[in-house]
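Here is the structure we will look at, set down as structure tokens.
The values are calculated or read from the model by the stated rules, or taken from the named source; none is laboratory data. Note that the structure is a prediction, hence the values are computed from the model and not measured. Neighbour counts are summed over all protein chains in view; Cβ atoms, including those assigned to glycine, are modelled from backbone coordinates with ideal geometry.
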Amino acid sequence: MGVEEPQQQQQQQGVKSSCCVVNTHEPILVPPAKSSSAQHKDERYFLTNLDQNLAVIMQTVYFYKGSGSSELQQAPRDPVDVVKKSLEEILVLYYPLAGRLALSRDMKLEVLCNDQGALFVEADANVSLEQFVKDSKLGQGLDANLRQFVYSVPGAKSVLDIPPLVAQVTRFQCGGFVLGLSLNHAIFDGIAAMEFVNSWSELARGVPLSVPPCLDRSSLRARNPLQIEFPHPEFLEADQPPSDQPAENSELVFKSIAFDEKKLSSLKEAILREGVLDKCSSFEAFTALVWRCRTMATSSDRLSSRQTKLLFAVDARNRLSPALPRGYVGNGILLTCALTSVEDLLQGSLSHAIELIRAAIAKIDNAYLRSVIDFFEQTRLRPSLESTLVITTWSRLAFHTTDFGWGTPLFTAPASLPEAEVALFLPHGESRKGFELVHGLPERDMKTFVSLLETSWI
């Protein structure tokens, strides 16, 4: 039914990392500036079947220097006050974020719109931002220190115990600050979350919203009668022997591996020299490489008929008929599935892997999307992660443009490490045209994986 245990670390006052101590104040609830209760009293806000399978917590951080942009330079203000006041205002427009997740009579997630408010935490760090950047090597790979800047609700046993929006503002001694957010993926996909945070920052600067929100999700209701017109292998357990997928109790080693724009260009040139494709995108090339190398690194038998599955998100907004409106609040993405045998993937070329990826994208049209929605309505199944690699990418999300009045962020990133099945693609380099891969594997597999990433395609 999509109710997940929260994947987050509990945080207490005086959280200490290797780089600084963060002292948090008592959390408070921030309701909308103007109550929406009269208009939306006791509304049970509908979450679609695309939302139901994504009820996980997204944690992100945004670091800002103390020097303000033109809107705030003449009258320096406390970032806590600016962010909190604009939060009250944005909750008027995004009123479900002031409510609470609940279960409907048919055991599906929905939002009880009660204006209870977002959870807000004020905090202070005992170092300057400059010192923290130096000590943590911020932006130079993985950083376990980031979690302390996102408040975790103590004692939460599931996402039902966590408000849809939790915000923490941590001031550094120099006047810089970091905004740490906890958002429920059932409310937003990455695109909608980006639009929300950017709209919030626009209100903080007193400028009109560039993308007003559209809260109506009714166009993605299941059909009556249901029409399941396609197979949906992404939801099904593979009929095969136990895989070489890392065991749940395996200790994972996380690595951050950079592929800059130049190296990506070389990778694409190598793929085109195979003589199969006329062109390929950076995403296609890097995804194919990561999928093949991970499968090779974790497979004891490279001629196995065992299946290997790749899941990645496709933006469905313009693939639906009618298309979802600009500013759609919700999940307008679909996890699509490329599926083949280990032998086929590893004996084939990178061009072949890209063809599998393209086929998985090409099948996503209005009919297929409606079939997925109806399939979940009937089965309540969640995507199986057996023998699966899930690609999550931030490369096309403009979180780096979010300006609360102190200019664009010095740095922004997820605050928590991905799960064992997930490979996270972050933008890399000033051009943001490279990739930084964040992934975890058992130590022996990780060594093989890194070596293959660097050498298998040359």
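The set of residues in region 436-453 being touching a strand residue (DSSP E or B) at 6+ places or on another chain (Cβ under 7 Å) and either among the β-branched types (Val, Ile, Thr) or under 12 Å from Val253 (Cα atoms) (or both) consists of Val438, His439, Gly440, Leu441, Pro442, Glu443, Met446, Phe449, Val450. Evaluated against (1) under 21 Å from the mean Cα position of the chain (by Cα); (2) on the phi > 0 side of the Ramachandran plot, Arg380 falls short on exactly one condition, (1). Within region 278-318, the set of residues being over 21 Å from the mean Cα position of the chain (by Cα), in a loop (DSSP other than H, G, I, E, B) and either buried (at least 18 other Cβ atoms within 10 Å of the Cβ) or not aliphatic (A, V, I, L, M) (or both) comprises Asp278, Lys279, Cys280, Ser281, Ser299, Ser300, Asp301, Arg302, Ser304, Ser305, Arg306.
Only one of these is buried (at least 16 other Cβ atoms within 10 Å of the Cβ), out of contact with any helix residue (DSSP H, G or I) (no Cβ under 8 Å at 6 or more places or on another chain) and among the acidic types (Asp, Glu): Asp135, Asp189. Name it.
Working: Asp135 fails: buried (at least 16 other Cβ atoms within 10 Å of the Cβ).
Residue meeting the stated conditions: Asp189.
When the strands (runs of 3 or more DSSP E) confined to region 1-111 are screened for residues that are modelled with pLDDT of 95 or more and in contact with a helix residue (DSSP H, G or I) (Cβ under 8 Å, 6 or more places away or on another chain), those reaching at least 2 such residues are found at 43-46, 57-64, 100-103.
The combined condition, being in a loop (DSSP other than H, G, I, E, B) and either small (Gly, Ala, Ser) or over 19 Å from Ile191 (Cα atoms) (or both), is not fulfilled by Asp344. With respect to the conditions (1) modelled with pLDDT of 95 or more; (2) not in a strand (DSSP E or B), Val178 falls short on a single one, namely (2). Among the residues of region 249-277, those identified as over 19 Å from Thr448 (Cα atoms) and not in a helix (DSSP H, G or I) are Asn249, Asp260, Arg273, Glu274, Gly275, Val276, Leu277. Among residues of region 43-62 that are under 26 Å from Val83 (Cα atoms) and assigned by TED's automatic domain parsing to the domain that holds Phe177, those with a Cβ under 7 angstrom from a residue that is part of a helix (DSSP H, G or I) and among the small types (Gly, Ala, Ser), sequence gap 6+ or separate chain, pair up as Met58/Ala193.
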